[in-house]
1. One residue is enough: does the stretch 124-145 have a residue meeting the conditions touching a residue at least 60 places away in the same chain (Cβ under 8 Å), under 16 Å from M72 (Cα atoms) and surrounded by fewer than 24 Cβ atoms within 10 Å (Cβ to Cβ)?
2. Out of the residues in the stretch 197-239 that are on the phi > 0 side of the Ramachandran plot and of a type in the set (G, A, S), which is surrounded by the most Cβ atoms within 10 Å (Cβ to Cβ)?
3. Is there any pair with a first residue in the stretch 62-76 that is more than 19 Å from T124 (Cβ to Cβ) and within 14 Å of the ligand (Cβ to nearest atom) and a second that is part of a loop (DSSP other than H, G, I, E, B) and aromatic (F, W, Y) whose Cβ atoms are under 8 Å apart and which are 6 or more apart or on different chains, and what are they?
4. Output yes when any residue across the stretch 36-49 is under 18 Å from T116 (Cβ atoms), at pLDDT 95 or above and within 12 Å of the ligand (Cβ to nearest atom), and no when none is.
5. For the stretch 51-61, how many residues are within 16 Å of the ligand (Cβ to nearest atom) and either part of a helix (DSSP H, G or I) or charged (D, E, K, R) (or both)?
6. Report yes if some residue within the stretch 163-176 is in contact with an Asp or Glu (Cβ under 7 Å, 6 or more places away or on another chain), in a strand (DSSP E or B), touching a residue at least 24 places away in the same chain (Cβ under 8 Å) and aliphatic (A, V, I, L, M); otherwise report no.
7. Considering each of F241, F259 in turn, give the residue that is at pLDDT below 95, more than 20 Å from D140 (Cα to Cα) and in the same structural domain as S141 (by TED's automatic domain parsing).
Amino acid sequence: MALENLFSLVKERWKSPAGTVTTEPPVENEKPVDKPKPSPTFKCPRCMQVTPAEVYADNLKVCPACNYHGRMSAKERLNIFVDGGTFSEFDKDMRSLNPIDFPGYDEKMGALREKTGLVDAIITGTASIHSIPFVIGIMDSNFMMASMGSVVGEKITRAFEYAETHKLPLVMFTASGGARMQEGIISLMQMAKTSAAAARLSEAGGLFISVLTDPTTGGVEASFASLGDIIIAEPKVLIGFAGRRVIEGTIKQHLPEDFQSAEFQLEHGFVDMITERKALRRTIRHILRLHGFGGDKIA
Ligand SMILES: [Zn+2]
């Protein structure tokens, strides 16, 4: 066989693996077939199991396969934790004045407000749980990693002060990457301010329950979040101040693998109890009643 013939045979085969040549002209303007959209799913970052998003949401954003507690928005958490229709929000429209004129900060905040429906990284207010009135604060990691700037610090402080004045217990759900760098020193000052507010509530005999959710780190962990009369953590959450490399570089020592987990912190006395999300309402109601809120003390 001549070489050219062999080439043309190979080319023909390449075009049509089955060895046949389609002679029908291509159909023009054919509407694409509407393929059914796959239903949304959640892929667990820990065990990689894929779960229908609806099942994951119904399970309070906990992976049904490995009990991984996923992150929730402040509004989602509010919906599952307090009695329906009882939430009354404080300082709804408080917003930062960009105190150090950080470039692009206002634009970034504007975009996040639109995306999340939040004004800043925390919502605070009063609500009730099993008909027991209390003050609640919930941080939202979807908003600038729930970093603590002037608004977050002020809202937390006011929540402590309201609890003190009205003799209500305070439950604060924390989740934070730390300080709001866009507010510089103003951000760092919130650590002292919120800690002082927590101390005043404590001196007045109030009750502050700190619930650490994933992740609680930086200046929030190093201030009011660690000052709870009772510190509860969700399973396996990240709790810490600085990252591993920074600490190891500073103290020149190797740290245990899980040293920033809720379980490690429980073992070493920083966390009082680890409670699964589905048991939080019941557990906190029990603690409130033990402390004389919402009826007779439980013996
Ligand atoms: Zn999982």
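1. Checking the stretch 124-145: at least one residue is touching a residue at least 60 places away in the same chain (Cβ under 8 Å), under 16 Å from M72 (Cα atoms) and surrounded by fewer than 24 Cβ atoms within 10 Å (Cβ to Cβ).
2. Out of the qualifying residues, it is G218.
3. Cβ pairs passing all conditions: V62/Y68.
4. Applying the first criterion (under 18 Å from T116 (Cβ atoms)) to the stretch 36-49 yields none.
No.
5. Qualifying residue count, the stretch 51-61: 6.
6. Checking the stretch 163-176: at least one residue is in contact with an Asp or Glu (Cβ under 7 Å, 6 or more places away or on another chain), in a strand (DSSP E or B), touching a residue at least 24 places away in the same chain (Cβ under 8 Å) and aliphatic (A, V, I, L, M).
7. F259
The values are calculated or read from the model by the stated rules, or taken from the named source; none is laboratory data. Since this is a predicted model, take the numbers as computed values, not measurements. Ideal geometry is used to build each Cβ from the backbone, glycine not excepted, and the neighbour counts take in all protein chains shown.
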